[in-house]
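The values are calculated or read from the model by the stated rules, or taken from the named source; none is laboratory data. Just so it is clear, the structure is predicted and the values come from calculations on it, not from any experiment. Please note: Cβ atoms are built from the backbone with ideal geometry, for glycine as well, and neighbour counts cover all protein chains shown. The accessibility values were calculated without ligands, DNA or RNA, using every heavy atom of the protein model including side chains. Shrake-Rupley method; radii C 1.70, N 1.55, O 1.52, S 1.80 Å.
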Amino acid sequence: MTDSGPIALFDIQAQQARIRAELERRIAAVLDHGRYIAGPEVEELEARLAAFCGEGVHCVGVSSGTDALQIALMAEGIGRGDAVFLPAFTYTATAEVALVLGATPVFVDVEETSFNLDPADLERRIALVRAEGRLRPRAVIGVDLFGLPADWPAILALCRREGMFALDDAAQAFGAALDGVRLGAWGDATALSFYPTKTLGCYGDGGALLTRDAARAALYRSLRTHGEGKTRYEVLRIGMNGRLDTLQAAVLLAKLPLFEEELAARARIGALYDARLAGSGIGIQETRQARAVHARGLYTVRFPDQAARERAMAALQAQGIAAGIYYPRPLHRQPAYAEAHRTAIRGEAPPLVVSESLASRVLSLPMHPYLGEAEVERVCSVLLGAARG
Ligand SMILES: *Cc1c(COP(=O)(O)O)cnc(C)c1O
């Protein structure tokens, strides 16, 4: 099939064939004990994920990546009058949670080569918000887009200096690391998504919060269960129904033994793409951080212009190769967020040049641990052929 068959963006069924028996055993155990909410699998999973991220990290399973972000902001008491800084080039959920809580998202530009938050632009916009004095700068949500860690040393330094909460939206990057430290241990809190196509995905919705702060972890546990206190019918604060299902935890436990091996496969495939595309005029996603380990859920490249992207897409499509545009529109151009963007900084705010431009030039290529070398080669030769015209 490597010469002509279709190539999909993701393959979540290949993995299932390897772990089918363990999945069935894990699911049957839940059917037998019947604790579909807050069953023992949830705690077991939390312990394993915390240990994976390193010493002193706590993990709280929640209902989705979006709810993880929301709970993290709720725990800081973020709401009306607060500014939450986040990249303009990311998935919609990153900005949505700030607005749901009544806070104002302040869109920050990203870097051309890493596609992640530009620390210099972040610093500039925090200063602008402070100068206008209407909103309190409270939090930064850094996103590790497509599995590449954001510049956490720079983001954290700014957050410390400004007294702001650093939230890592690692929904696309679980398994990635920076300077030998896994994501989950970098931010004041880290949000994960277990949406099926993420690097660690369940069979439905799921997510988790990671933090080194025991008090925050306790607060997250309370918030995910309607703000409960020591007993179920003591309500201490406004929370939500944000629990992780026992069945989803069981699915994730069956998948965890493969996770490291799958991350290694993702890294190998990423390196193959990088090597094949280097010097071709097709831009690969890179970071200044010398010791960054990717956990790619998508392999995303950038073209010199939109026309080149369209030629590449047409060539791939003609060969039955899937490709996707993540994301075709920067968030400040979304109808739902345009008003928030206009009011966040009233004066002359610098335009979000790179975010606008990348949205018209990026293309995501097939990436999953079961992609063969010959398939990567086929994708690259079609791309390079299209680039040559
Ligand atoms: C997937 C994703 C989310 C949301 O996760 P869900 O589990 O789908 O709610 C948030 N942020 C980013 C960057 C994502 O890719």
**Message:** Pairwise over distinct Cα atoms, reciprocal of the mean inverse distance: report the Kirkwood radius of the stretch 12-255 in Å, one decimal place.
**Reply:** 18.3
**Asked** In terms of solvent-accessible area of protein heavy atoms at a 1.4 angstrom probe, what is the ranking of 46, 123, 339, highest value first?
**Response** 339, 123, 46
**Complete:** Computed on Cα atoms only, the convex hull of the stretch 52-145 has an orientation-averaged projected area in nm² of 7.0
**Prompt:** Where the only charges are on Cβ atoms (+1 Lys, Arg; -1 Asp, Glu), what is the dipole of the stretch 230-320 about its Cα centre, to the nearest 20 debye?
**Reply:** 260
**Request:** Using a 1.4 Å probe and ignoring any ligands, DNA or RNA, find the accessible area of residue 329 and quote it in Å² to the nearest 10.
**Result:** 110
**Item:** Long-range HN-HN contacts of residue 297 with modeled amide H, under 5 Å
**Value:** 147
**Message:** Please give me, ordered by residue number, the GluC sites (Glu not before Pro) of the stretch 167-275 that lie in loop per DSSP and have at most 15 other Cβ atoms within 10 Å.
**Reply:** 234
**Message:** Quick check: convex hull over the Cα atoms of the stretch 257-388, volume per residue in Å³, rounded to an integer?
**Reply:** 159
**Request:** Quick one: check the C-alpha center-to-center distance for the stretch 323-389 versus the stretch 218-271, whole angstrom.
**Result:** 29
**Request:** Amide H neighbours of residue 38 under 5 Å, at least 5 residues apart or on other chains, H built in the peptide plane: list them.
**Result:** 246
**Asked** Of the beta bridges DSSP finds with both residues in the chain, what % are antiparallel, to the nearest 5?
**Response** 55
**Message:** Where in the chain is the longest stretch that carries no chymotrypsin sites (Phe, Trp or Tyr not before Pro) classed as loop by DSSP and with at most 14 other Cβ atoms within 10 Å?
**Reply:** 37-232
**Prompt:** Using the scaling law 2.2 N^0.38 Å as the reference, what is the normalised Cα Rg of the stretch 223-292?
**Reply:** 1.95
**Prompt:** Once label points are set 7 Å from the Cα along Cα→Cβ at both residue 215 and residue 32, what is their separation, rounded to one decimal in nm?
**Reply:** 4.3
